[in-house]
């Protein structure tokens, strides 16, 4: 369970979510009856086209886009994908919106492995809302651990017993250069 799942549960946002296959299956009838920039691709590969549109939508919403009019293409994408279930970004946007109505959360500290500005837009906004409710956002670097042992010292390397010299001994060669090296090999 990730932090988003925990926040959704705490905020009462959890609901059964459709799988990628269910989302693609829900999108296909709409794509078949709605002309758009995807139409030519749809005739070649329906499943792949639907999956690509949903992934494009996911990438845009993760960065914080919520259907605002930006271009005809993005508007068409937004319109055709409605009703296919929320994307990861839309789920983070819902968490951020729900947090705006909460004076505080039980989450005291959230350790971030990357600085806040490096997170995608919708996640960053949810984290900022968490901070506004009193959660301490802390840039955190995991400690560098020294291995407790040294594997190289456990098995000493003996050049005379390495694989290739043993191989050449097994086939009757003194070393890698043999007088017969130009002769064809026969089995």
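What the table below lists for this structure:
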| quantity | calculated |
| --- | --- |
| Cβ-based exposure ranking for 19, 6, in which fewest neighbours within 10 Å come first | 19, 6 |
| Gain on full stretching of the segment that runs from residue 88 to residue 40 - 0.36 nm per residue minus C-alpha separation | 14.5 nm |
| Taking 9, 33, 87 and counting other C-beta atoms within 10 Å, the order from fewest to most | 33, 9, 87 |
| Pairwise Cα inverse-distance average, inverted: Kirkwood Rh of the range 17-97 (Å) | 12.8 Å |
| Convex hull of the range 3-139 built on C-alpha atoms - directionally averaged projected area, nm² | 9.0 nm² |
| Residue 114 paired with residue 13, simple spin-label distance in nm, labels 7 Å along Cα-to-beta-carbon | 1.9 nm |
| Binned Cα-Cα distance frequencies in the range 50-100 - 5 Å width, integer % | 4, 21, 33, 24, 12, 5, 1 |
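None of the figures in this text is laboratory data; all of them are computed from the coordinates on show. Treat the numbers as computed from the prediction; the structure is a model and nothing was measured. Here the Cβ is made from the backbone with ideal geometry for all residues, glycine too, and neighbour counts use every protein chain on show.
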